[in-house]
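Asker: Below is the structure I would like to discuss, written out as structure tokens.
The values are calculated or read from the model by the stated rules, or taken from the named source; none is laboratory data. These figures come from a predicted structure and were not determined experimentally. Neighbour counts are summed over all protein chains in view; Cβ atoms, including those assigned to glycine, are modelled from backbone coordinates with ideal geometry. Quick note on the areas: whole protein, heavy atoms, side chains included, nothing else; ligands and nucleic acids left out. Shrake-Rupley method; radii C 1.70, N 1.55, O 1.52, S 1.80 Å.
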Amino acid sequence: MSKEKIAKIFEGDIVVKSNFIEFQADSNKKNQAQTNTIFSEKWEKVDEGGEIEDISKDQKIWFLSLYGFADELELSEYLKDKEVILDAGCGLGYKTAWLADLAPNSLVIGMDYSEAAAIAARNYRHVKNAYFIQGNIADTRILPDSIDFTLCDQVIMHTEKPDFTFSHLTDITKSGGEFACYVYAKKALPRELIDDHFRIHTHNIDSNKMWEMSEQLTELGKRLSELNIKFESPDIPLLGIKGGEYDIQRFIYWNFLKCFYRPDWKKGTCDSTNFDWYSPSNAKRYSKEEYEELINSNSLKVSYFHSEEACYSGRFEK
């Protein structure tokens, strides 16, 4: 039944023979092609290194707060009347499979532009109501008003034109359905300038050198964390630096340089987190006002809105 349902929501003739469908996934946009390559490389490393457990456990907990659910039970209750669910930008598919487990009567589709979609299909072939598509989430080929719950978690910023992608994903969501989306938040000015430098110049830096820098950033984060120093920073409004008490690692992290480190994660997981920040050429950030304007311009009603230093997220009713 799920195979027939998939065929009905896509434009053109779709033949579904397995849990994996590949659309033409090559981009003619230089930045998008480079971003796709980076994430294919990152997800392949994470999969081979067995690091997905580090990521998925914490991401599921964070997901609940990002989108306004008290626990898995509440999320499952929310999903139970959603006939078709789309995880746009599914990466290795652990959230797609999670949603499929929580909503066993729903058709859950994970789509990703990178080669991670094929890995996800292989790893989760036992999840009978989950299907994976390697395709462009900015042009899904899904018919308008087809998806009951559209999710784009931590991905839309990596598309060529995030505002256009947001509108497309809104368009394919059913009237009365909800679109849940996460965007990066803008940080302090010095951090934004360094981040922008790598968006421009990453094309000219060898991938091995980016991995080497990512390992060095993990080590820097580790050493700064181990100092265990807190201090009181003054407000510096012109630089966007907020005053208050900081751990020294967090102060540098938010205001100057992403140097991600978590002692309870494998080193490789920390390395890949730093890598996927500095390597992709597409990684737009938003102010709160810019994100609210994007939501309003697509005539969406806010069901839940969440903000923190890293991001803005929420569920928006069409």
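Asker: Which order, highest average first, do 43-51, 224-232 follow once you tally other Cβ atoms within 10 Å for each residue and take the mean per peptide?
Answerer: Details: 43-51: 17.0, 224-232: 11.9.
So the peptides 43-51, 224-232, ranked by packing, come out 43-51, 224-232.
Asker: Report the percentage of all Cα-Cα pairs in region 1-120 whose separation exceeds 17 Å, rounded to a whole percent.
Answerer: Working: 4485 of 7140 pairs.
Summing the P(r) tail past 17 Å for region 1-120 gives 63 percent.
Asker: How many Å² of accessible area per residue for the chain, probe 1.4 Å? Each step should come with its number before you reach the end.
Answerer: Numbers: 14630 Å² over 318 residues.
On a per-residue basis, 46 Å².
Asker: I would also like to ask the following. Beyond a 31 Å Cα-Cα separation, which of these cross-linked pairs lie in this structure: Lys42/Lys161; Lys30/Lys60; Lys5/Lys301; Lys8/Lys80?
Answerer: On the way: Lys42/Lys161 22 Å; Lys30/Lys60 33 Å; Lys5/Lys301 28 Å; Lys8/Lys80 21 Å.
Table pairs above 31 Å Cα-Cα are Lys30/Lys60.
Asker: Right, here's the next one. Helix 30-48: angle to the longest alpha-carbon principal axis of the chain, degrees 0 to 90, nearest 10?
Answerer: 90 degrees
Asker: Is it possible to state the helix-based mean residue ellipticity at 222 nm for the chain, with each DSSP H run of 4+ residues giving -39500 (n - 2.57), the sum divided by total residues, to the nearest 500 deg cm²/dmol? What is it? Each step should come with its number before you reach the end.
Answerer: Numbers: 12 runs with 143 residues, N = 318.
Estimated from H runs of four or more residues: -14000 deg cm²/dmol.
Asker: Using the Kirkwood radius over Cα pairs, work out the Stokes-Einstein diffusion coefficient for region 204-318 at 4 °C and 1.567 mPa s, in µm²/s as a whole number. Mind showing how you got there, number by number?
Answerer: Numbers: Rh = 16.5 Å.
This corresponds to a translational diffusion coefficient of 78 µm²/s.
Asker: Heavy atoms only, probe 1.4 Å: what % of the accessible area of region 131-271 goes to carbon and sulfur, would you let me know?
Answerer: Working: 3630 of 6450 Å².
So the carbon and sulfur contribution to the accessible surface is 56 percent.
Asker: While we're here: Using only the alpha-carbon atoms of region 181-224, report the extent along each of the three principal axes, biggest first, to the nearest angstrom.
Answerer: Per principal axis, max minus min of the Cα coordinates gives 29, 29, 25 Å.
Asker: Would you mind checking region 241-265 for residues with the amide N under 11 Å from a putative spin-label position 7 Å along Cα→C-beta of Ile205?
Answerer: 258
Asker: For Ser65, put the label point 7 Å out on the Cα→Cβ axis and report which residues of region 262-285 keep their amide N under 17 Å from it.
Answerer: Within reach of a label on Ser65: 262-265.
Asker: Relative to the present Cα-Cα distance, how much length would full extension add between His197 and Ser18 at 0.36 nm per residue of separation? Before the final figure, lay out the partial values.
Answerer: Values: separation 179, 0.36 × 179 = 64.44 nm, distance 4.22 nm.
Fully extending the segment from His197 to Ser18 adds 60.2 nm.
Asker: Another question about this same structure. Mean separation of Cα pairs under 8 Å and 6+ residues apart, divided by the residue count of region 202-282: what relative contact order is that in percent? Don't skip to the answer; put the middle values down first.
Answerer: Values: 86 pairs, mean separation 31.2, N = 81.
Answer for region 202-282 is 38 percent.
Asker: Can you pull the Rg over Rh of region 35-184, Cα-only, Kirkwood? Mind showing how you got there, number by number?
Answerer: Details: Rg = 14.2 Å, Rh = 15.3 Å.
The Rg/Rh ratio comes out at 0.93.
Asker: What distance in nm lies between label points placed 7 Å from Cα along the C-beta direction at Asp58 and Asp163?
Answerer: Calculated label separation equals 3.3 nm.
Asker: Also, quick follow-up: Between Ala188 and Glu289, what is the spin-label point distance in nm, taking each point 7 Å from the Cα along the Cα→C-beta axis?
Answerer: 2.2 nm
Asker: Right, something else. Determine the sum of side-chain charges near Leu64: Lys and Arg each +1, Asp and Glu each -1, restricted to other residues whose C-beta is under 13 angstrom from that of Leu64. If you can, show how the numbers build up before the last one.
Answerer: Numbers: positive: Lys57, Lys60, Lys95, Arg315; negative: Asp58, Asp71, Glu72, Glu74, Glu77, Asp153.
Local net charge: -2.
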